[in-house]
Every structure is written in structure tokens, then in C-alpha cells.
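Right, one structure below, let's go through it.
The values are calculated or read from the model by the stated rules, or taken from the named source; none is laboratory data. Everything numeric in this text was worked out from a predicted model, so none of it was measured. Counting neighbours? That spans all protein chains shown, and the Cβs are built from the backbone with ideal geometry, glycine included. For the accessible areas, the whole protein counts, side chains as well, though only heavy atoms, and no ligand, DNA or RNA atoms are used. Shrake-Rupley method; radii C 1.70, N 1.55, O 1.52, S 1.80 Å.
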Amino acid sequence: MTTVPQRRHLPGITSLTALPGLSRRAPERKRVPLVEEEASSIVAWAWYVDGVRRPAGSLTQAARNAQEGEGFVWLGLKDPGNDDLEALSSQFALHPLAIEDAVNGHDRSKLETFGDDLFMVVSTVAYVDHDEMTENSEVVTTGQVMIFLGDHFVITVRRGEHAQLSALRRSLEADPERLSRGPSEVLYAITDKIIDDYMAVVDEIETDVDEVESAVFARGGSHEVDRVYQLKRELIEFKRCVLPLGAPLMRLATRELPVVPPQTRAYFRELADHHTQVREAVASFDEVLSSILQAGLARASVADNEDMRKISAWVAIIAVPTMAAGIYGMNFDNMPELHWHYGYYMFLGLIAVIMVALYAGFKRNRWL
């Protein structure tokens, strides 16, 4: 596959609204901008017949051929604007609600049907490398891939800097048998890749969880709970991306949907199983982090209690000479042993004996 390394204007593309008989919508639409002037968000496109990439002079010509029943077109876009998608909608009959989601983005994965077409939003997740887990570390970054699927086209809209599809396109082009199955195979391959990315993130988060657990339960590591809280917060963001995908996958695996042949449902059932594994892993991480957080807080509380016991023990020991000095420091003439020749030495010795006894008692009871 030949991809476009930089987003640029594609040669030979004229107005997509000027193709007679190509649009499936009868009502007249307002004139949209020329694609060659506005569709700078196009990253790559290709026309496939029987799983083999065929040359086409322009996207317009490739779309016309696909509309006439010759293969399908796979068009990839990155962060398109409203004008770009409006220009494409007149050619591929994209639903306005789907266009709105593609322009503004959608936080949750979903699957919708519009006539004979499908529109699917899949949340993407990428792991952010960091040397050490700190309270300010970013663990995951999110994005979306939106897929318009028809019987003769696939349009992918990517938002975010990860989940690139160029390598996937090359992989499918190297296997014409898979690509010959049509747009549904592209949908399956994209979803499979994203779930594989989920599983890769799960492996990385598992390493972070192990590191944080070791740090919290290490000697003197009770104050590492802030790192646990940070990882738990990032895990919540990961969970928000992963969990909503379950319902669309089950629909693809069990329901009769346009553009998705019945024999393809078994593949989506496999994806649903893999997605279940990711969900279970995320749930287990959440439970482990909750346990670590509670244990860390308990250790911090125990450490505080131990400190308070030590302070209380030393205060009790110091209170002995303080009390004695306070009593005999009063300016009374008639006090017992005040004029005794050995009273000073006996007084110091008594204080020392009491302090040593208190120290030994606290030490035996592990207060010191």
C-alpha cells in the first residue's frame, strides 16, 4: 500500500458533488467545497477489486467504479473538519448525525445503522511510557476511530495521535484473500487491532500495578498511596474507553446487520471474547488497587499510632524529672529533706531509677 506521508491535496479530485447518478440521495444539497481545495485531512485512499489494489486516476473515479459494483473504496482521514465530511457525504450518502459525531468526536464506543450503512465509533487507548510512576504520571492517552461502512466503501476517521491504520492497510493488502471479503473485513481488522492495543495497555498497566504494590509494601513505603491513587485514576479513564465497546461487539456478533455477512459474525464473537478478557483484567486491576490503597492507608494509620506511642512514652519518662523539679523548686522553707545533707543526691538517684524503670517497661511493651 502506498500511503500519503503528509496530509496534502490529492491530484485529480474534483468536486464530489458533481458526479451524476453517484449519490444515493434524491434531495438537492447545497454546494460543498471542492475536495481538492478543502480535504487536507485525507491521509490515504485506495480502490480494491477482489482484494487487490487497483490504480485509479482520482478518488472520484474510484468511488464511481465502486458505486457501479466494482470492488470498494477505503478512505482514511485524520481530524477532518465539517467541510471535508460534508463534501464526502454527498458522494457516499453519509448520514448527518454520523457526520456530526465524526466532526465533534464521541467519547463512547457505539454502533448505529443508517439504512444500509453502518457507523461505528471505537475508543482507542495508548500507553504513555514513563521511567517511574509518580503522582503526576500520565499512564494512558485516549482517542477515537470512527468508521463509515457501506457495501462499496469504508471511511475511517481517526482522532488522536495513536491507533494509526497505515500498517494495518499494508497488512491487509498483503493478504488479498482477506481483503476480498469486502468492507466488513476492514471493520473486523480495525476493531481487532484496537482490542490488541487494549491488551498491550493491560500488560503495561499490570507492570505498573506490580511496581506500585512493591513500593507501598516495602519497608517505609506507606507514604506511596498517592501513586496508587494516580494509577487508579488513570485506570478509570482506561475503563471508560474499554467498557462501552462490549455492546457494539455483541451486536456485530449476534445481530443481522447490513454490510456484515452472517459468516463474519463468528470473527466478531472472537473479538467479543478478547474484549471480555480486557474488561476482566481492568476490573481485577481496580480491585487490586483498591486493596493496595486501603492497605497503604492502614499502614499509614498504624505508623502514626506507633509514632504517637513513642512520643507518649518519652513524654512520660521526661515528666518524672519535670514533676520532681517542679515540686522541689517551690520556695517553701519547711519542706521534707530540704536541709538534709544527702537529699540532693538521693533525689537525683530516685529520678534516675524511675526513668530507667519506665524506659524498661515501655521497651518490653514495644512502645519504644
Checklist entry - For region 86-169, which semi-axes, largest first and in whole Å, follow from the square roots of 5 times the eigenvalues of its Cα gyration tensor? => result 31, 13, 10
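What are the GluC sites (Glu not before Pro) within region 262-314 that DSSP puts in a loop, where the Cβ has at most 13 other Cβ atoms within 10 Å?
none
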Checklist entry - Rank MET323, MET355, MET330 by accessible area, highest first, at a 1.4 Å probe radius? => result MET323, MET330, MET355
Checklist entry - Given a 1.4 Å probe and the protein chains all in place, what does the accessible area of ASP50 round to, in Å² to the nearest 10? => result 120
Checklist outcome for this item: For SER301, the accessible surface traced by a 1.4 Å probe with all protein chains present amounts, in square angstrom to the nearest 10, to 60
Checklist entry - So which GluC sites (Glu not before Pro) in region 149-239 end up in coil per DSSP with only 10 or fewer other C-beta atoms within 10 Å? => result none
Item to check | Kirkwood-Stokes translational diffusion coefficient of region 219-368, alpha-carbon pairs, 25 °C, 0.890 mPa s, µm²/s | outcome: 110
Item to check | trypsin sites (Lys or Arg not before Pro) within region 191-269, DSSP loop, no more than 10 other Cβ atoms inside 10 Å | outcome: ARG219
Item to check | For region 307-368, average projected area of the Cα convex hull in nm² | outcome: 4.5
Checklist entry - Over the heavy atoms of VAL43, what accessible area does a 1.4 Å probe trace out, to the nearest 10 Å²? => result 40
Checklist entry - Where does each of ASP192, ASP226 land when they are ordered by accessible area, with a 1.4 Å probe and the largest first? => result ASP226, ASP192
